[in-house]
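To start, the structure itself, in structure tokens.
Read-outs throughout are calculated quantities, based only on the coordinates presented, and are distinct from any laboratory measurement. Given the structure is predicted, the values throughout are model-derived calculations rather than measurements. Every residue, glycine among them, receives a Cβ derived from its backbone with ideal geometry; neighbour counts consider all protein chains shown.
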Amino acid sequence: MPLVLAGALALAGCALDVGTAPAPGSPPGVQLNDLLSRVRVVAARPHPGGYERDCSDGRACVFGPAWTDDHDGPAGHDGCDTRNNVLAAQLTAVAFRAGTRDCVVVSGNLDDPYTGQRVDFSKSEARAVQIDHVYPLAAAWDMGAAHWHPERRVLFANDIENNLLATDAETNQAKGDSTPAEWLPPAAANHCFYAAKYLTVAVYYDLPVTAADETALREVARGCP
């Protein structure tokens, strides 16, 4: 492993463990290599400025209101916000609040895609489970979304099929707006899954990865089945 990559992963607390087998059902290395052959690569992440997620008065709200139902993507305009759509789709043993037409999730079980741990979700402690943008919003803005039409940015921020994963709050906050050269899931067995998700989003939205990201993702692909 190149020293630069090893150092970056170690700083992020996600050094690759070559002795860890990928989780069952992980995407094969050939799939990751195909995605890598199609993704655009740039030397480094630019920083054009102007990113502002806040939607309060006078703020830019560049990706639209958080978890808005007002979009034309999957589950849009269904009367249920995006966060609850993700919870309903990704949790098991889901229970809904009565009278919400199976919208508001009050409990369920999450097999965390980043830690590999079982997380019990309860509406009374809802902050324990957060929704992660696999390709972070701030990174997307820097890598090209700043030039998109606002409607496309709203679709991206609420894409439940490609870009959103429920995970525990601590892991989501540790990831922040990091890209693969800076962060990989704490569970090494889940690296193949994450790499495929990240690359799928990048290719689907024609967003690039940095040269350092490409190196990190190729390293992951070498350990996939």
So, with points 7 Å from each Cα along the Cβ direction, the ARG222-ASP57 label distance in nm works out to 5.7 nm
GNM flexibility winner over the chain from PRO150, PRO113, PRO136 (Cα, springs under 10 Å):
PRO150
GNM top mover of PHE63, PHE121, PHE96 - the chain, alpha-carbon springs below 10 Å:
PHE96
Using a Gaussian network model of the chain with C-alpha springs under 10 Å, which one of CYS80, CYS103, CYS55 is most mobile by mean-square fluctuation?
CYS55
Counting only other residues whose beta carbon sits under 10 Å from that of ARG118, what net charge do I get with K and R as +1, D and E as -1?
-3
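Work out the length of the dipole vector of the chain about its Cα centre, built from +1 on the beta-carbon of each Lys and Arg and -1 on the beta-carbon of each Asp and Glu, and round it to the nearest 20 debye.
Numbers: 17 positive and 28 negative charges, 55 e Å.
Rounded to the nearest 20 debye, it is 260 debye.
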Which is the longest run of the chain containing none of the GluC sites (Glu not before Pro) found in DSSP loop states (not H, G, I, E, B) with at most 15 other C-beta atoms within 10 Å?
53-160
P(r) tail fraction, the stretch 106-225 - alpha-carbon pairs more than 20 Å apart, %:
43 percent
Skipping prolines and chain starts, which residues have an amide H placed within reach, meaning under 5 Å, of the one on THR210, given they are 5 or more residues away or on another chain?
VAL42
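Using the alpha carbon gyration tensor of the chain, what are the three equivalent-ellipsoid semi-axes (square root of 5 times each eigenvalue), largest first, in whole Å? Intermediate values should be presented prior to the final figure.
Numbers: eigenvalues 159, 103, 45 Å².
Its equivalent ellipsoid spans semi-axes of 28, 23, 15 Å.
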Cα-derived Rg over Rh, computed across the stretch 49-175 with Rh taken as Kirkwood radius:
0.97
From Cα coordinates alone, what are the radius of gyration and Dmax values for the stretch 68-107 in angstrom?
9.9, 28
